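Q: Take a look at the following structure, please.
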Amino acid sequence: MVACAADMKSESFWRGVFYGTLAVGTLDALDAVIFFGFRGATPIRIFQSIAAGLLGRAAFSGGLPAAILGVILHYFIAFGIVLTYYAASRRIGVLRRRPIACGIAYGVVVYVVMNFVVIPLSAAASGRFVLPVFLNGIAIHMFGVGLPAAWFTTRADARR
């Protein structure tokens, strides 16, 4: 599903997608840096783990360049998440009418897709199940990914 061409020409569309991407990417990154930082991970290691989706284990010996690639990939994924919500909301009206509930539900869907489809198909190694990591992952995807994706794309519509 792609946003229609008329939407993509509007300033409010790009504003919503830009701020949505910025919010989703930044909130998710901050959560990872804080949560995994308390568990001993450095920010460079966290973003190298994202780059590992493309580079595999080599990302962890790639230093700062691999971490920068991880940051770029992280925001690219955030962009895709926001754009997908926007495109779906063009076809499914309830996504626009109920952005809070639908955004939270969308966050759960994003978590499931990322952890059970994207990561297993990537070059990154899948980790073992750890309850605090799972609970944090679900929470940040509900409130730091799905909710801002829905909120900013819906607000962009309201400004039209």
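Q: Compute the distance in nm between two label points, each set 7 Å from the Cα along the Cα-to-Cβ direction, one at Ile68 and one at Ile44.
A: Taking the simple label geometry, Ile68 and Ile44 are separated by 1.3 nm.
Q: Please work out which option in (i) 18.2, 56; (ii) 16.1, 47; (iii) 21.0, 64 gives Rg and Dmax of the Cα atoms in Å calculated from these coordinates, and answer with its label.
A: For Rg and Dmax of the Cα atoms in Å, the calculated option is (ii).
Q: Between Ala105 and Leu135, what's the calculated FRET efficiency when r is the beta-carbon distance and R0 is 25 Å? Round to 0.05.
A: Values: r = 17 Å, r/R0 = 0.69.
Once the sixth-power term is evaluated, E becomes 0.90.
Q: Tell me, what is the FRET efficiency for Arg90 and Ser122 to the nearest 0.05, using R0 = 35 angstrom and their Cβ-Cβ distance as r? Before the final figure, lay out each step's value.
A: Working: r = 29 Å, r/R0 = 0.82.
Plugging the Cβ-Cβ distance into 1/(1 + (r/R0)^6) gives 0.75.
Q: For a quick check: sort Thr154, Thr84, Thr26 by the number of other beta carbons within 10 angstrom, fewest at the front. Write down the numbers at each step before the final one.
A: Working: Thr154 22, Thr84 19, Thr26 15.
Arranged by neighbour count, lowest to highest, Thr154, Thr84, Thr26 become Thr26, Thr84, Thr154.
Q: With θ taken as phi - 60° and the coefficients 6.51, -1.76 and 1.60, list the Karplus ³J(HN,Hα) couplings across segment 89-97 in order, rounded to whole Hz; mark glycine and proline as x.
A: Going residue by residue, I get 5, 6, 9, 10, x, 4, 5, 7, 6 Hz, with x marking Gly and Pro.
Rule-based calculations on the coordinates, nothing more; no lab input. Everything numeric in this text was worked out from a predicted model, so none of it was measured. As a convention, Cβ positions derive from the backbone with ideal geometry for all residues, glycine included, and neighbour counts pool all protein chains shown.
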